[in-house]
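A short write-up of the structure that comes next.
The values are calculated or read from the model by the stated rules, or taken from the named source; none is laboratory data. Since the model is a prediction, treat every value here as computed from it, not as a measurement. A quick note on method: Cβ atoms are made from the backbone with ideal geometry, for glycine too, and the neighbour counts reach across all protein chains shown.
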Amino acid sequence: MGLFSKLLNAFKSIRLNDKNAVTGHALDYLLIGSMYAEQQSAFLNSYETGLDESAISNLVETIWGITNQQEAVEILHSLISRNQDTNIDVVYRAFEDKQNYVDILKSNLPENESEFEYYLDLYRKLNNVVPELIEQNVITDFAQLKKVKDSGWNFGRAVFLSRCCYELGYLSENELKEFIAKSYIGIKNYCSTWQEYTNSYIFGRAIWGGNNNNGMIQIANDLLTNEKSPLKNKAYL
């Protein structure tokens, strides 16, 4: 199933598991992966994704390059720790002070050429993505993104990817629950509300280079307002 088809399916309905649903705080933890789950037309409220094995294998093995337990753990740890990168704060400071951005970046970022180019590229992407998200009414100003960063994108992918790895046998149930709990605890350092979570996911995906922002905005709106959505009556994480 292509991305466009998945987005269309996500608009049509919220998929819920009526037989093996997770409830309470465990559901809150699970919902950190709801944006990614909706992209894939998966269940929102269970460890089981509801996707067929070929779709899960394609996502995990082909897209993420995970073929065993060690690779799964390494990538999930990487996703969970990405927002701890202090160089991102330097890039954000440069973005807010464009007149001095060259000095800020050169004085505070690693001297290694490839590393410096990585953060310079991020700075350039901010100049395109932030005005676009303001125009699309996702945010009103950069200060909102400076707080939440792309935490929803990183922690959200960690949660849903851990579910897929569990279904393929690359994670035990205890490992699955551990990664989901760590993601929930981690994102609370950045996001206070589910609206902030969806915004940070949209931001992260846009920075990564994903197209169809409108589609992601629609998914976020559906999660927050659809009567069937587990997020409908939730405001705070």
Name the one entry in Gly204, Gly215, Gly186, Gly156 that is modelled with pLDDT under 95, in contact with a helix residue (DSSP H, G or I) (Cβ under 8 Å, 6 or more places away or on another chain), assigned to a helix (DSSP H, G or I) and of a type outside the set (Asp, Glu). Gly215
Being closer than 17 Å to Glu132 by Cα and among the aliphatic types (A, V, I, L, M) is true for just one of Ile202, Ile187. Which residue is that? Ile202
Extreme residue, farthest from Gly186 (Cα to Cα), among residues of region 66-111 that are in a loop (DSSP other than H, G, I, E, B) and hydroxyl-bearing (Ser, Thr, Tyr): Thr67
Kindly indicate which of Tyr166, Tyr184 is over 18 Å from the mean Cα position of the chain (by Cα), within 20 Å of Tyr36 (Cα to Cα) and in the same structural domain as Ser34 (by TED's automatic domain parsing). Tyr166
Taking Glu48 as the residue in question, decide whether it is part of a helix (DSSP H, G or I) and acidic (Asp, Glu). no
Quick one: in region 88-119, of everything that is under 21 Å from Gly204 (Cβ atoms) and hydroxyl-bearing (Ser, Thr, Tyr), which residue is surrounded by the fewest Cβ atoms within 10 Å (Cβ to Cβ)? Tyr118
Tally, over region 221-237, of residues that are surrounded by 11 or more Cβ atoms within 10 Å (Cβ to Cβ), in contact with a strand residue (DSSP E or B) (Cβ under 7 Å, 6 or more places away or on another chain) and in a loop (DSSP other than H, G, I, E, B): 1
All-but-one check, Thr193 against (1) surrounded by 20 or more Cβ atoms within 10 Å (Cβ to Cβ); (2) out of contact with any helix residue (DSSP H, G or I) (no Cβ under 8 Å at 6 or more places or on another chain), failing number (1)
All conditions in (1) more than 14 Å from the chain's Cα centre (by Cα); (2) assigned to a helix (DSSP H, G or I); (3) assigned by TED's automatic domain parsing to the domain that holds Ala21 are true of Val129 except (3)
Does Val159 qualify as being assigned by TED's automatic domain parsing to the domain that holds Ser200, surrounded by 19 or more Cβ atoms within 10 Å (Cβ to Cβ) and not small (Gly, Ala, Ser)? yes
Within region 1-15, restricting to residues that are loosely packed, with under 15 Cβ neighbours inside 10 Å and more than 11 Å from Gln40 (Cα to Cα), the one that is modelled with the highest pLDDT is Ser13
